[in-house]
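Engineer: Here it is, the structure in full.
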Amino acid sequence: MKYLFESQSVAVVGASTNPKKDGYIILKNIIDSDYAGKIYPINPSADAICGLKAYPSLLDVPDEVELVVIIIPARFTTQIMEDCAKKGVKAVIIESMGFAEIGAQGKKLQDKIVDIAKKNGIRVMGPNCTGIVSKDIVTSFYPIKDVPDGNVTMIGQSGLLAAGMASDIVVNKSLNIRKICSIGNKCDLNENDLLEYFGNDDRTQVISMYLEGISNGRDFVKIAKKVTPQKPVILLYGGRTEAGASAAKSHTGSIASNAKIVDTAIKQTGIIKAVDFVELKEFAKVFSTQPIPKGNRVAVVTAAGSVGVAISDLCEERGLKIPELSAVTVNELKDVFPDWMQPKNPIDLWFSIEQIGLTRTLETSMSAALSAPDIDALVVVLAGFEYTLEVIEKKVVQRIAKKYGKPVIVCVIVGYDKYKKLLLEELGKDMPVFTSLDSGIKALSKLWEYGMRAYKTDK
């Protein structure tokens, strides 16, 4: 496994001189990453590519090659695998398509690759994948630069999804990515191998997965039970319905597991279930940036009473409580509340904002709520209007949240599109920002549910 993520040398079979070709983009991505090893382009028709000496074949490379990335037509891959065996290659990423996902003929070809790999001790990721996206190495055929060195590892069967999500994440800095692993058809390496590997990786604090089939259910449950008490595992499972299962078979050649069996496995292991790709990313963001709450008591800070009512309903529906504020907290809030208005939870700031401004009001109210021993988490509701820009630019929310060490999520209910760039770059890179009250409260409830299980395990 380490040769996939810590190799000292990599060859790209199918490297191209054409900037529009996948073989060029993959090579350029590796060069542009922080990869510290030697890089060998393999192309029988080129002397050099991207400033690197090219070799006609893998066997012509004079030095040892630990990792090989293959991006050539599927029918030629068995010969390349034979070359890998002769060369003593340790790991291979096959990004080519045309294997089990296309039917019996492709499956036969895929089985030959597996046979060669097993006989020669080679680990294979793919085929039909985009491999790895990380700060250390990027093998995707989608142009990607400046990958962050975060704490979230994503494992997915979809190559283009992994590449597209990686690009979106890198551009917006909206998720603390450590690695993205696209495993495609899983002819050898599968989700169990990677779950175990990253479960033991100290720098990975959150594991996020998209699967279209589970290779070995018993192993999956066994490994997940060991991993989830140490770090959250979030799963989006594709192929829950007959239509989805049919699509999965033609996408990655997966035979989808029964949805009830998967749900049972989720309940047994403490895995966090996501229902779509938005949740997959949002849950990962919450877990990667926020501490686990010790209870389900939530305070809400908002500039609109109606929003407080809506959030109270959503919290109650998801097992979270909106407790009354203690006398101490009420007394602290009186500094920014008019004499005639008794502070309550949700904390409605509208009248205070008009009198003394949002910055001071927000600082006082957040501090009062988060310092209260009977409050476990805080929801801050902002509107994307001009008067909130000062709060965002001064990092008020981040500063107060960091001081008290309790989870804080932000919901932006209006004006998000107008100030989307500012919200993502200034606020969203440090903490979760939601454009839906329901999605924000659901994510917070998942944080609490995981906490209940974790604290129970500790005891």
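Every number here is computed from the coordinates shown, using simple stated rules; none is lab data. Values in this document were obtained by computation on a predicted structure and should not be read as measured data. Glycine also receives a Cβ, built like all others from the backbone with ideal geometry; neighbour counts cover every protein chain displayed.
Engineer: Report the antiparallel proportion of the DSSP beta bridges in segment 1-76 as a percent, rounded to a multiple of 5.
Structural biologist: If we restrict to bridges inside segment 1-76, about 15 percent are antiparallel.
Engineer: Return the sequence-ordered ³J(HN,Hα) values of segment 228-235 in whole Hz as given by the Karplus equation 6.51 cos²θ - 1.76 cosθ + 1.60 applied to θ = phi - 60°, using x for Gly and Pro.
Structural biologist: Going residue by residue, I get 4, x, 8, 7, x, 10, 10, 10 Hz, with x marking Gly and Pro.
Engineer: I would also like to ask the following. So how tilted is helix 242-252 from the main axis of the chain? Cα-based, degrees 0 to 90, rounded to 10.
Structural biologist: Between helix and principal axis, roughly 50 degrees.
Engineer: In debye, nearest 20, what is the charge dipole magnitude of the chain about its Cα centre with +1 on Lys and Arg Cβ and -1 on Asp and Glu Cβ, if you could check?
Structural biologist: Charge dipole of the chain: 1020 debye, to the nearest 20.
Engineer: Based on the alpha-carbon gyration tensor of segment 23-96 and its eigenvalue square roots a ≥ b ≥ c, which shape applies: rounded if a/c is under 1.5, prolate if not and a/b is larger than b/c, or oblate?
Structural biologist: Because its axes are fairly even, with a/c under 1.5, segment 23-96 counts as rounded.
Engineer: If we count every other residue with Cβ under 13 angstrom of ALA401's Cβ, Lys/Arg +1 and Asp/Glu -1, where does the sum land?
Structural biologist: +3
Engineer: While we're looking at this one, here's another question. What's the angle, to the nearest 10 degrees (0 to 90), between helix 217-227's Cα axis and the longest principal axis of the chain?
Structural biologist: With both axes taken from Cα atoms, the answer is about 50 degrees.
Engineer: For a bin width of 10 Å, list the pair-distance distribution of the chain built from all Cα-Cα distances, rounded to whole %.
Structural biologist: 4, 20, 26, 21, 15, 9, 4, 1, 0
Engineer: Quick one: angle between helix 22-32 and the longest Cα principal axis of the chain, in degrees between 0 and 90, rounded to 10, please.
Structural biologist: Approximately 60 degrees, to the nearest ten.
Engineer: Can you give me the distance in nm between label points at LYS107 and VAL275, each placed 7 Å from the Cα along the Cα-to-Cβ direction?
Structural biologist: If labels sit at LYS107 and VAL275, their model points lie 3.4 nm apart.
Engineer: Moving on to the next point. Please tell me which of these pairs span more than 23 angstrom C-alpha to C-alpha: LYS344/LYS446; LYS226/LYS267; LYS2/LYS119?
Structural biologist: In this structure, LYS344/LYS446 exceed 23 Å between Cα atoms.
Engineer: So, one more: Using only helices, what value at 222 nm comes out for the chain when you add -39,500 (n - 2.57) per DSSP H run of length 4 or more and divide by the total residues, to the nearest 500 deg cm²/dmol?
Structural biologist: -12500 deg cm²/dmol
Engineer: Another question, if that's okay. When DSSP beta bridges are limited to those with both residues in the chain, what percentage is antiparallel, rounded to the nearest 5?
Structural biologist: 10
Engineer: Which of the three applies to segment 339-401, rounded, prolate or oblate, going by the alpha-carbon gyration tensor with a ≥ b ≥ c and a/c under 1.5 meaning rounded?
Structural biologist: It is oblate, given that a/c is not under 1.5 and a/b is not larger than b/c.
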